[in-house]
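Structure record follows, encoded as structure tokens.
Derivation of every value follows stated rules applied to the coordinates shown; laboratory data play no part. Since the model is a prediction, treat every value here as computed from it, not as a measurement. Methodologically, a virtual Cβ is constructed for each residue, glycine included, from the backbone with ideal geometry; neighbour enumeration extends over all protein chains shown.
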Amino acid sequence: MSDSEEIAAAAARLIVDEGMDWGPAKQRAARDLGVPRAALPGNDEVEDAVREHIAIFHADTQPAELRALRELAAQWMARLAEFRPHLAGAVWRGTATRLSNVHLQLFCDDGKAAEIALLNRGLNFDVAETTAGRGRPVDMLVLDVPCPALGERVTLCLTILDFDDLRGALKADARGRTERGDLPALQKLLDEET
């Protein structure tokens, strides 16, 4: 097994079993294994390792957890329809477990409009910063929301993007998979699961 494959497998365990984000999981796995950071695997390699880890250790629980998170995402996408929400991350890609955050990308004409809408609905949130295309900083609104199907609370992350960013939102990657999907695309996934 190459250094890159070892890191990917160790990172997959951290992502699935501890709920870590991908970047920090890869860095911690490399550090724990004593492998140079130059050997860090790409996200496709980590995603393959995550899928393999789930198939081996979580095949009995992960499908129901994924469905619960996708249904929660669909509810929030409907609530936030005015901001053209798209589901991204592990919940969209099918690798989410109960420890995964739900990531929605909101495409807004005015970045503060989403914050105002949440405040008007009496919702509490924290504001964090994340990076978007080409590493530019963007706001992320972080909410702690109930997920009745899981019987626990989950983290909902709303990344605020410019309306112009919507143009490339559904572009497929090298494997033909999109990085995000809108509500009709998510509903299609949910329909296929039943």
Specify which of the listed residues (Val138, Val91, Val102) is touching a strand residue (DSSP E or B) at 6+ places or on another chain (Cβ under 9 Å) and touching a residue at least 40 places away in the same chain (Cβ under 8 Å).
-> Val102
List the helices (runs of 4 or more DSSP H) that sit entirely inside the stretch 76-194 and contain at least 3 residues that are closer than 29 Å to Ala25 by Cα.
-> 89-93, 183-193
Total residues in the stretch 95-132, condition in contact with a Gly (Cβ under 8 Å, 6 or more places away or on another chain) and more than 13 Å from Cys157 (Cβ to Cβ) = 2
Applying the selection to the stretch 168-192, what residues are exposed (fewer than 10 other Cβ atoms within 10 Å of the Cβ) and on the phi < 0 side of the Ramachandran plot?
-> Gly168, Lys171, Ala172, Ala174, Arg175, Pro184, Asp191, Glu192
